1. A:Ala44 versus (1) within 19 Å of the chain's Cα centre (by Cα); (2) surrounded by 13 or more Cβ atoms within 10 Å (Cβ to Cβ): which is the lone unmet condition?
2. So which residues in region A:85-101 are surrounded by fewer than 18 Cβ atoms within 10 Å (Cβ to Cβ) and in contact (Cβ under 8 Å) with a residue 12 or more places away in the chain?
3. Filter region B:60-69 down to the residues that are more than 13 Å from chain A (Cβ to nearest Cβ) and in a loop (DSSP other than H, G, I, E, B) and list them by number.
4. Kindly state which helices (runs of 4 or more DSSP H) lie completely within region A:1-112 and contain at least 1 residues that are among the aromatic types (Phe, Trp, Tyr) and under 30 Å from A:Thr130 (Cβ atoms).
5. Hey, among the residues in region B:47-59 that are farther than 17 Å from A:Gln166 by Cβ and of a type in the set (Gly, Ala, Ser), which one's nearest to the other protein chains (Cβ to nearest Cβ)?
6. Which residue is surrounded by the most Cβ atoms within 10 Å (Cβ to Cβ), if the candidates are limited to region B:230-251 and must be part of a loop (DSSP other than H, G, I, E, B) and touching a residue at least 12 places away in the same chain (Cβ under 8 Å)?
7. Select from region B:127-148 the residues that are aliphatic (A, V, I, L, M) and within 14 Å of chain A (Cβ to nearest Cβ) and write down the one among them that is nearest to B:Thr196 (Cα to Cα).
8. Quick one: in region B:165-176, of everything that is under 17 Å from B:Met194 (Cβ atoms) and touching a helix residue (DSSP H, G or I) at 6+ places or on another chain (Cβ under 7 Å), which residue is surrounded by the fewest Cβ atoms within 10 Å (Cβ to Cβ)?
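Since every read-out is calculated from the coordinates, none of them should be taken as a lab result. In this text, all values refer to a predicted model and were calculated from it rather than measured experimentally. No Cβ is skipped: glycine too gets one built from the backbone with ideal geometry, and neighbour counts run over all protein chains shown.
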Amino acid sequence: MKKGNGKGWLILCFMFLVLFLGAWQLYTATFRNLPGPMAVAETAWEFLSNPFYDKGPNDKGIGTLALYSLGRLSLGFVSGSLVAITLGVILGLNQMLFKALNPYIQVLRAISPIAWMPLLLYSVQDSNWTALLVVFMASVWPTLANTAFGVSTIKKDYISVSNILQMNPVAKVFKVILPGAGPTIVAGLRISMGSAWVAIVPAEALLGSLGLGYFVWNEWNNLSLTSVIFAILIIGVVGVCIDILFNQLARRLAYVD
Amino acid sequence: MKLLRVDRVSKFFSTPGVRDDYCVFRDVSLSVEEKEFVAVLGHSGCGKSTLLNIVAGIDSADDGYVYLDGKEISGAGLDRMVVFQNFALMPWLTVSGNIRIAVKAAYSGWDRHRINDRVRRYVEMVGLSGAESKRPAELSGGMKQRVGLARAFCVEPRILLLDEPFAQIDALTRGVIQEELVRMWLETGITIFMVTHDVDEAILLSDRIMLMSPGPDAKIMEEIKVNIPRPRERATIIEHPGYYAIRNRIIRFLSNKDEYDQPKRVNLVA
């Protein structure tokens, strides 16, 4: 890259935003069936100026709703990841088991977590639990596949060193295997988190569990498209924030071999 | 007292679809005395690294026994620390982290102070003071292997197993580290068993050199006592009258594999 245009991308980035908003404005001015950027900005201001209001069980501020979604996401994601990493380490250390189970993992991974929803709802008979389990399902597979792969491809030398040092199995896992496979595992966690965040919106919408997905659907039922667009933007922004956190984690665990 | 005894050890590799197993080496026997520095020298691929891994317990023999202090070994152990050709440092740990992990494993009952003291002492011994918090990726090959040496020495094992430890280090640095290794060896009174394909390295460092024939069916063909007094220096060792006799013997062995039918024992006296 040429020197001296370090800030160039920022200007370009801003220009794209202006271009997008302009196109949007033009579109709504011509067809009149969609709220324009100004209307959405107005709604956004309204929602964001009082993010934590509470007017009964089904009418809460956008901040509260986001926290509901994030809480559900964290709980489902953390439990899903713990299961995935544990299983992944076991599979990564047992090539035969890994090979035998890999086809099933690949099939399960290909199934949208939303597809499980009717079955889960029928089984647990509770919408909040079902939403949580959908997030759990979305979180497991990418992390599991990545952990198993990362552990199985860890350099044999590191294992040899841990054998020579007579490390017990627990120390071996926590001091050699997990740090060694760390970057691959985090890559898996990142994909899992992405798919969990994608899954949580329709799950909440369909199940009516309080959260951002619920908000989107509720506002659609109110025929308030400005709110729907605002919610879409919030979902995107929160998703990006979560991804930034994972980027930080990945950077911390990365190592140069 | 023989510290290490390798007794008629053989190693085979089986290839799927091939009826006969490939014999890497057969009936290899050797012994190492306490405080001795012994090298096994041979062509690449003769199985000398496999032999070292068997002694280390990270590979297993198909036949024969390995004894340490008169006891048969089973598996790896802290009494036999290995220095690897490719360093095998944990890239996510710092210099002192790589040494600490070994101290912690060997002395699980120690408190933090004692562990830190031990780590610091060996960081100093290999001359890495000031680089403690660097990661392996920031180090040169020579510095990496210093960490490898410190990690092996800090456990204070019965024997040190060096697997072509300086093969991946540039020639200028190699000489310096070789001399430091000898200094550490003398200072600590440890026993060293090394495999190498570097003739000059073997002569500079060892008390005895075992020559291994190329595989398959590799054997230890000859044992050479290096009767050059210590301290030896790279610059002056070549002026010693015995040096070229030994060197030529080895070179002739390495370049002519048909010459040997039976293992020989040669004692070149300077």
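1. Tallying (1) within 19 Å of the chain's Cα centre (by Cα); (2) surrounded by 13 or more Cβ atoms within 10 Å (Cβ to Cβ), A:Ala44 fails exactly one: (1).
2. The one that is surrounded by fewer than 18 Cβ atoms within 10 Å (Cβ to Cβ) and in contact (Cβ under 8 Å) with a residue 12 or more places away in the chain: A:Gln95.
3. Correct list: B:Ala61, B:Asp62, B:Asp69.
4. In region A:1-112, the matching helices (runs of 4 or more DSSP H) lie at A:37-49, A:62-93, A:95-110.
5. Checked region B:47-59; the qualifying residue nearest to the other protein chains (Cβ to nearest Cβ) is B:Ser49.
6. B:Arg232
7. Restricting to residues being aliphatic (A, V, I, L, M) and within 14 Å of chain A (Cβ to nearest Cβ), the top hit is B:Val147.
8. Taking the candidates together, the pick is B:Gln168.
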